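Asks: Attaching a single structure in structure tokens format; questions to follow.
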Amino acid sequence: MKAVIFLNVLWLISVQAVAQSVNLKGKVVNINTNEPVLYATVGLINANKGVSTDETGQFELADADKGDTLVVSCVGFKRVLIPVKNVSSVIQLTPSVLELPVVTVKPSKSKKLILNEFKKNSIRLFYATQMKDTASIVQLAQYFENPGNATWFVSNLNIARGRYYPKANDKVKFRLRFFGIDEKGHPNGKDLCESILIEDKNHNIIKVDLGKYNLIIPSKGFFVAIEWIKTNENFYEFEYLDSNNVKKSSYWYKPSIGMALPKFTNNTVFTLNYKGVWNESKNFNSKRYDSPKEINPEGCRKLAISLEIHN
């Protein structure tokens with residue numbers, strides 16, 4: 001009899017545990033126009049995981065605890081927080097005014113510099129974010145200092161990305177963003193220019209022309225950020241053999257960002273989570289490496305992002 005009672009208690013506990021989680025599915029729209037908001041970030045604060053809306057504004061998020069809070073954000077809209085138990089099938093975002101700094105454009109170019117110049121053969125590792133519960137990173141940001149505390153315009157940007165299969169169409173989408181610095185030396189989350197949606201098919205080095213954005217490096221420097229778009233079309237399956245020679249799979253979001261030997265002593269790299277907190281990455285440090293052979297995952301290099309600037 002006691003055994004039966006014990007089993008019944010276990011059954012009730014399991015039912016309650018299941019009842020505490022739900023699968024969320026909905027659409028994010030502009031409250032003024034009712035148009036879908038593409039590639040908005042939809043995440044759970046406590047679980048620190050999430051996805052992005054697709055090209056129709058739709059999203060799906062499995063196993064959401066009813067006691068958790070859903071956070072929805074997108075460039076050009078006000079961030080909203082909704083208790084999971086109150087989430088509806090349609091989530092409305094209110095547009096916000098993007099306040100960009102006023103810049104004076106100089107008609108001619110004089111001196112040119114390249115910051116964090118890297119070589120293809122110096123890239124051995126890539127920084128990626130896993131799918132499902134481990135995909136807790138929303139953005140990855142690299143610090144760039146202002147050389148000589150002068151007025152520098154950014155002309156071009158190069159990013160080394162990882163390619164995963166020998167396919168002709170290894171398509172990837174992500175956002176490129178630029179932030180100032182807060183009093184703690186972290187990204188302040190305030191865009192210095194409009195975000196740029198990057199779509200690339202098969203390049204190992206993605207080249208971006210920034211001339212039309214009139215982007216000036218602030219005196220204290222700034223951060224270049226990669227914002228992952230976590231949709232089904234943007235992840236790939238990586239197959240490998242474990243220690244027992246058993247075939248397994250792991251799922252990763254594209255793009256993975258290359259890491260190159262540092263040229264500067266300041267290698268500050270930050271990651272943004274669904275809680276809205278920027279953290280200095282534990283896998284990056286300021287140690288300099290003289291040879292790629294000395295590199296290991298515990299002391300990773302700075303991101304393979306280079307900037308061409310002029311004054």
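The values are calculated or read from the model by the stated rules, or taken from the named source; none is laboratory data. Since the model is a prediction, treat every value here as computed from it, not as a measurement. Glycine also receives a Cβ, built like all others from the backbone with ideal geometry; neighbour counts cover every protein chain displayed. Only protein heavy atoms, including side chains, enter the accessible area calculation; ligands, DNA and RNA are left aside. Shrake-Rupley method; radii C 1.70, N 1.55, O 1.52, S 1.80 Å.
Asks: Say we look at the range 63-81 and pick out the residues that are open to solvent by 50 Å² or more (accessible area, probe 1.4 Å) and not acidic (Asp, Glu); which of these is nearest to residue 272 (Cα to Cα)?
Replies: Filtering the range 63-81 for residues open to solvent by 50 Å² or more (accessible area, probe 1.4 Å) gives 63, 65-67, 78-79, 81.
Those still in the list that are not acidic (Asp, Glu) too: 66-67, 78-79, 81.
Working: 66: 24, 67: 22, 78: 17, 79: 15, 81: 17 Å.
The selected residue is 79.
Asks: Determine which single condition residue 84 fails, assuming it passes every other condition in (1) of a type in the set (A, V, I, L, M); (2) within 22 Å of the chain's Cα centre (by Cα); (3) open to solvent by less than 60 Å² (accessible area, probe 1.4 Å).
Replies: For residue 84, the failing item is (2).
Asks: With the requirement that a residue be farther than 19 Å from residue 173 by Cβ and either open to solvent by less than 20 Å² (accessible area, probe 1.4 Å) or of a type outside the set (D, E, K, R) (or both), what does the range 196-212 give you? Walk me through it before giving the result.
Replies: Initially, the range 196-212 is screened for residues farther than 19 Å from residue 173 by Cβ, giving 211-212.
Passing the criteria: only 211.
Asks: In addition: Go through the range 252-285 and report how many residues are part of a loop (DSSP other than H, G, I, E, B), of a type in the set (Phe, Trp, Tyr) and either within 18 Å of residue 159 (Cα to Cα) or modelled with pLDDT under 85 (or both). Walk me through it before giving the result.
Replies: If we filter the range 252-285 for residues that are part of a loop (DSSP other than H, G, I, E, B), which is where we start, we get 261-268, 274-277, 281-283, 285.
Of the ones still in play, those that are also of a type in the set (Phe, Trp, Tyr) are 264, 274.
With either within 18 Å of residue 159 (Cα to Cα) or modelled with pLDDT under 85 (or both) added as a condition, the list becomes 264.
Adding up the residues that qualify gives 1.
Conditions tested, residue by residue: (1) touching a Lys or Arg at 6+ places or on another chain (Cβ under 6 Å); (2) at pLDDT below 95; (3) closer than 22 Å to residue 197 by Cα.
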{"residue": "17", "(1), (2), (3)": "no, yes, no"}
{"residue": "21", "(1), (2), (3)": "no, yes, no"}
{"residue": "56", "(1), (2), (3)": "no, no, yes"}
{"residue": "64", "(1), (2), (3)": "no, yes, no"}
{"residue": "69", "(1), (2), (3)": "no, no, no"}
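Asks: Just a yes or no: is a residue in the range 158-169 of a type in the set (A, V, I, L, M, F, W, C), part of a loop (DSSP other than H, G, I, E, B) and modelled with pLDDT of 90 or more? Steps first, please.
Replies: Step one: list which residues in the range 158-169 are of a type in the set (A, V, I, L, M, F, W, C), which gives 159-160, 168.
If we keep only those that are part of a loop (DSSP other than H, G, I, E, B) as well, we get 168.
Keeping just the survivors that are modelled with pLDDT of 90 or more gives none.
No; the residues of the range 158-169 include none that is of a type in the set (A, V, I, L, M, F, W, C), part of a loop (DSSP other than H, G, I, E, B) and modelled with pLDDT of 90 or more.
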